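Peer 1: Questions regarding the structure given below will be posed in turn.
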Amino acid sequence: MAKLIAFFSRRDENYVNGVIKTLEIGNTERAAGIIQKLTGADLFQIEPLQEYAKDYNTCIAQAQSDQKRNARPELKAYPESLDAYDTIYLGFPNYWGTMPMAVFTFLEHFDFTGKTIKPFCTHEGSGMGNSEKDIRKLCPTAKLEKGLPIHGGSVGRAEKEIEKWV
């Protein structure tokens with residue numbers, strides 16, 4: 001069966017190695033590209049209808065507000081179906097100790113019964129946070145494999161680490 005890489009990523013201002021940098025391609029999207037190169041899996045970007053601000057500080061305030069409200073942001077699109085996929089690589093940056101709320105929206109939209117979810121996240125020091133526990137809660141009938149935390153500032157040098165995990 002086929003594999004899917006579903007990921008949320010953010011370009012524009014990001015916190016990378018202790019400084020704010022403007023990224024043309026988000027760290028999680030870069031990691032998803034490496035996984036696609038290694039696996040040939042299909043790619044789907046999880047995008048909220050209402051995008052976060054380009055400014056880093058405004059973005060993190062918005063993300064924290066979404067989390068505090070337990071928001072489920074509307075998404076721009078969904079894959080038509082996940083029926084053809086047995087493995088879902090699920091990528092996201094660590095936002096306030098877990099996944100961005102748009103990823104919660106994505107996970108609640110589908111039935112993951114019998115699917116394997118392999119989460120990966122980019123972070124600047126907080127690892128996977130509570131994301132694996134949250135995925136387990138949202139997708140109790142899926143097989144959840146150990147996640148891969150990737151330091152965002154090092155994603156360009158993480159291909160060997162990602163290959164080993166894949």
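Peer 1: Kindly indicate whether any position in segment 63-77 is under 16 Å from T28 (Cα atoms) and of a type in the set (D, E, K, R).
Peer 2: For segment 63-77, residues under 16 Å from T28 (Cα atoms) and of a type in the set (D, E, K, R): absent.
Peer 1: Right, something else. Taking T113 and the conditions (1) within 17 Å of F7 (Cβ to Cβ); (2) assigned to a loop (DSSP other than H, G, I, E, B), which numbered condition does it fall short on, given that it satisfies the others?
Peer 2: Checking T113 against (1) within 17 Å of F7 (Cβ to Cβ); (2) assigned to a loop (DSSP other than H, G, I, E, B), the one that fails is (1).
Matching residues to (1) more than 17 Å from A142 (Cα to Cα); (2) open to solvent by less than 40 Å² (accessible area, probe 1.4 Å); (3) modelled with pLDDT under 95; (4) not small (G, A, S):
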position: I5; (1), (2), (3), (4): no, yes, no, yes
position: E74; (1), (2), (3), (4): yes, no, no, yes
position: P93; (1), (2), (3), (4): yes, yes, no, yes
position: P100; (1), (2), (3), (4): yes, yes, no, yes
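Peer 1: Has segment 1-18 got any residue that is more than 17 Å from C121 (Cβ to Cβ) and of a type in the set (V, I, T)?
Peer 2: No, the conditions are met nowhere in segment 1-18.
Peer 1: Considering only segment 24-69, state which residues are outside any loop (DSSP other than H, G, I, E, B), more than 21 Å from I162 (Cα to Cα) and not charged (D, E, K, R).
Peer 2: Residues satisfying the conditions are P48, Y56, N57, T58, C59, I60, A61, Q62, A63, Q64, S65, Q67.
Peer 1: Among (1) under 23 Å from E24 (Cα atoms); (2) surrounded by 17 or more Cβ atoms within 10 Å (Cβ to Cβ); (3) hydrophobic (A, V, I, L, M, F, W, C), where does F110 come up short?
Peer 2: Going through the list (1) under 23 Å from E24 (Cα atoms); (2) surrounded by 17 or more Cβ atoms within 10 Å (Cβ to Cβ); (3) hydrophobic (A, V, I, L, M, F, W, C), F110 breaks only (1).
Peer 1: Still on this structure, I have one more. Given the structure, is K137 open to solvent by 10 Å² or more (accessible area, probe 1.4 Å) and part of a helix (DSSP H, G or I)?
Peer 2: It is true that K137 is open to solvent by 10 Å² or more (accessible area, probe 1.4 Å) and part of a helix (DSSP H, G or I).
Peer 1: Right, here's the next one. Kindly indicate the residue of segment 7-46 that is open to solvent by less than 50 Å² (accessible area, probe 1.4 Å) and over 13 Å from the mean Cα position of the chain (by Cα) and also farthest from E74 (Cα to Cα) among those meeting that condition.
Peer 2: Ranking the candidates gives G18 first.
Peer 1: Here is a list: L144, L49. Which entry is on the phi < 0 side of the Ramachandran plot, surrounded by 16 or more Cβ atoms within 10 Å (Cβ to Cβ), touching a residue at least 12 places away in the same chain (Cβ under 8 Å) and not basic (K, R)?
Peer 2: L144
Peer 1: Checking D86 against (1) touching a helix residue (DSSP H, G or I) at 6+ places or on another chain (Cβ under 7 Å); (2) more than 25 Å from V155 (Cα to Cα); (3) open to solvent by less than 60 Å² (accessible area, probe 1.4 Å), which single condition isn't satisfied?
Peer 2: (1)
Peer 1: Filtering segment 147-166 down to residues that are assigned to a loop (DSSP other than H, G, I, E, B) and touching a residue at least 40 places away in the same chain (Cβ under 8 Å), which residue is least open to solvent (accessible area, probe 1.4 Å)? Before you say what the answer is, go through the steps one by one.
Peer 2: Taking segment 147-166 and keeping what is assigned to a loop (DSSP other than H, G, I, E, B), we get 147, 158, 166.
In the following step, the residues that additionally are touching a residue at least 40 places away in the same chain (Cβ under 8 Å) were identified as 158, 166.
Details: A158: 5, V166: 58 Å².
Selected residue: A158.
Peer 1: Identify the single condition in (1) under 27 Å from D111 (Cα atoms); (2) open to solvent by 40 Å² or more (accessible area, probe 1.4 Å) that M128 does not satisfy, given that it satisfies every other one.
Peer 2: Condition not satisfied by M128: (2).
Peer 1: Taking segment 53-72 on its own, how many of its residues are open to solvent by less than 40 Å² (accessible area, probe 1.4 Å) and closer than 26 Å to V19 by Cα?
Peer 2: 4
The values are calculated or read from the model by the stated rules, or taken from the named source; none is laboratory data. These numbers were taken from a predicted model, which means no experiment stands behind them. Every residue, glycine as well, gets a Cβ built from its backbone with ideal geometry; the counts of neighbours run over all protein chains shown. Side chains included, ligands, DNA and RNA excluded: accessible areas come from the protein's heavy atoms. Shrake-Rupley method; radii C 1.70, N 1.55, O 1.52, S 1.80 Å.
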